[in-house]
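What follows is a short report on a single structure.
The values are calculated or read from the model by the stated rules, or taken from the named source; none is laboratory data. This one's a predicted model, so the numbers in the text were calculated from it and none came from an experiment. FYI the Cβ positions are ideal-geometry reconstructions off the backbone, even for glycines, and counts take in every protein chain you see. Heavy atoms of the whole protein, side chains included, go into the accessibility calculation; ligands, DNA and RNA do not. Shrake-Rupley method; radii C 1.70, N 1.55, O 1.52, S 1.80 Å.
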Amino acid sequence: MGKFRRISRPIRPPSLIQPPPPITAAPGGIPGSFLAAHNQARSEGGKSPLVLDDRLQQAAQDHAATEAADLEITHDGFPQRLYTAGYPVTAAIGENVAAGQETPEEAVAAWMNSEAHRANIMGEFRHLGAMGVLGTDGMWYWCACYGNSRT
């Protein structure tokens, strides 16, 4: 029979567990902060600004919540989730996901340092939907959806 060593560690009562720091958001909350960060990057690159789209917003919210619940980032279900949210099937679309950054601005900065993610931010899109959801692991899960529909 093997030997076992007893390890004890203090258990923190729930009242001592610190919540994550609040996100300082632009007007419009997390989507507004994402929009401002995206449009700042696009302006610096000579691109026209994006506008928020309720359909893409719903798709981003749902996917960020799924990622936070599953504690993983994935593109599974893309592009169907955008179409399910009502975005036109004929539109060009894109999606960025991330986890671990503390703010929407940090997520956008990380995407700008990745060629494929940067291509979405700087792409020929007109619309944005973006959201972050805090996972039970204490990490933020981010999703940004892009589209160029004229409707």
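To the nearest 10, the accessible area of R118 is 100 Å² with a 1.4 Å probe. Suppose each label sits 7 Å from its Cα in the direction of the beta carbon; what would the M122-T136 distance come out to in nanometres? Each label point lies 7 Å from its Cα, and together they span 4.0 nm. Solvent exposure of D70, expressed as accessible area, is near 90 Å², computed with a probe of 1.4 Å over the protein chains only.
Suppose we keep just the DSSP beta bridges with both residues in the stretch 21-143; what percent of those would be antiparallel, to 5? Could the numbers behind the result be given before it?
On the way: 7 of 9 bridges.
Roughly 80 percent of the DSSP beta bridges within the stretch 21-143 come out antiparallel.
A cut-off under 13 angstrom between Cβ atoms defines the neighbours of A60, and their net charge, with Lys, Arg +1 and Asp, Glu -1, is -3.
Extending 7 Å from Cα along the Cβ direction at K47 and again at Y83 yields two label points whose distance is 2.4 nm.
A Förster radius of 25 Å, combined with the Cβ-Cβ distance separating A69 from E102, puts the computed FRET efficiency at roughly 0.80.
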